[in-house]
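Undergrad: Sharing a structure, written as structure tokens. Questions coming.
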């Protein structure tokens, strides 16, 4: 049984090199997101020569205001990976000036990804879900994953009609709002994520048991057998990463 993790902060884990070895032993296909272009090289170095770990090029919206000058560097690095994230918008308690910078950077990155084609992008959208959907739009030539979506339920159909995926984690499965959102998602658009280390309790380790528990919770919530739920999740991930024909 092979699991996947579409949103994971390798560089923020304790002993990242040991974590990569664990990922490889567990055969868990993992997208290691980053929060700024300067961190990308570190995660890429850790993932070199691995089968199951891929480094993603990110520019977290909450860091855009202070690292605005890194945008040209980010755009220069775009050709080095198919995996993009964590990028997006965050309008939770942000000033108008900071959010304006986020919009500028996000639009530039999405335009560059659109021109490149075939990028797999994991998106942060807290309190800015409508803006995110409008900027990406329909017919995007790549794969979009809405990471830990917590926004209005009336936007979910819009995202689904555009072909987007939703990645879910244990925090979502343990919250009323998260469970309500997951209930609205068709099986063929659900992916797994850990968002570790942020979702881990103090004494909790990043381990394949976490994904076993997620699959079991999802199966119960969606009223499917555990093996059947795993089949759909695995099928979704394979479709996510398959090269365009």
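Undergrad: In Å, what Kirkwood hydrodynamic radius results for region 146-224 from the alpha-carbon pair distances?
TA: Numbers: mean 1/r = 0.0766 Å⁻¹.
By the Kirkwood definition, the hydrodynamic radius is 13.1 Å.
Undergrad: Still on this structure: Please report, in cubic angstrom per residue, the volume enclosed by the convex hull of the alpha-carbon atoms of the chain. Please list the in-between numbers first.
TA: On the way: hull volume 31.1 nm³, N = 245.
Expressed per residue, the convex hull around the Cα atoms of the chain is 127 Å³.
Undergrad: Another one. Given 25 °C and 0.890 mPa s, compute D for region 105-181 with the Stokes-Einstein relation, Rh being the Kirkwood radius over Cα pairs; round to the nearest whole µm²/s.
TA: 190
Undergrad: Which value, in nm² and rounded to one decimal, describes the direction-averaged projected area of the C-alpha convex hull of region 123-168? Show your work: numbers first, answer last.
TA: Numbers: hull surface 11.2 nm².
The directionally averaged projection comes out at 2.8 nm².
Undergrad: On to the next question. At 0.36 nm per residue, minus the direct Cα-Cα distance, what do residue 2 and residue 138 gain on full extension? Give it in nm, one decimal, please. Kindly include the intermediate steps, with their values, before the conclusion.
TA: On the way: separation 136, 0.36 × 136 = 48.96 nm, distance 3.12 nm.
My answer for the length gained is 45.8 nm.
Undergrad: In units of 2.2 N^0.38 Å, what is the alpha-carbon radius of gyration of region 54-129?
TA: On the way: Rg = 11.8 Å, N = 76, 2.2 N^0.38 = 11.4 Å.
After normalising by residue count via 2.2 N^0.38 Å, the value is 1.03.
Undergrad: Work out, in µm²/s and without decimals, the Stokes-Einstein translational diffusion coefficient of region 44-98 at 10 °C, 1.306 mPa s, Rh from Kirkwood over C-alpha pairs. List each step's numbers first, then the result.
TA: Values: Rh = 12.8 Å.
Translational diffusion coefficient: 124 µm²/s.
Undergrad: Quick check on region 2-135: what does the Kirkwood estimate of hydrodynamic radius come out to from the alpha carbon pairs, in Å? Spell out each step's value before the answer.
TA: Values: mean 1/r = 0.0660 Å⁻¹.
Here the Kirkwood hydrodynamic radius works out to 15.1 Å.
Every number in this text was worked out from the coordinates using simple rules, so none of it is lab data. Computed from a predicted model, the values in this text were never measured in an experiment.
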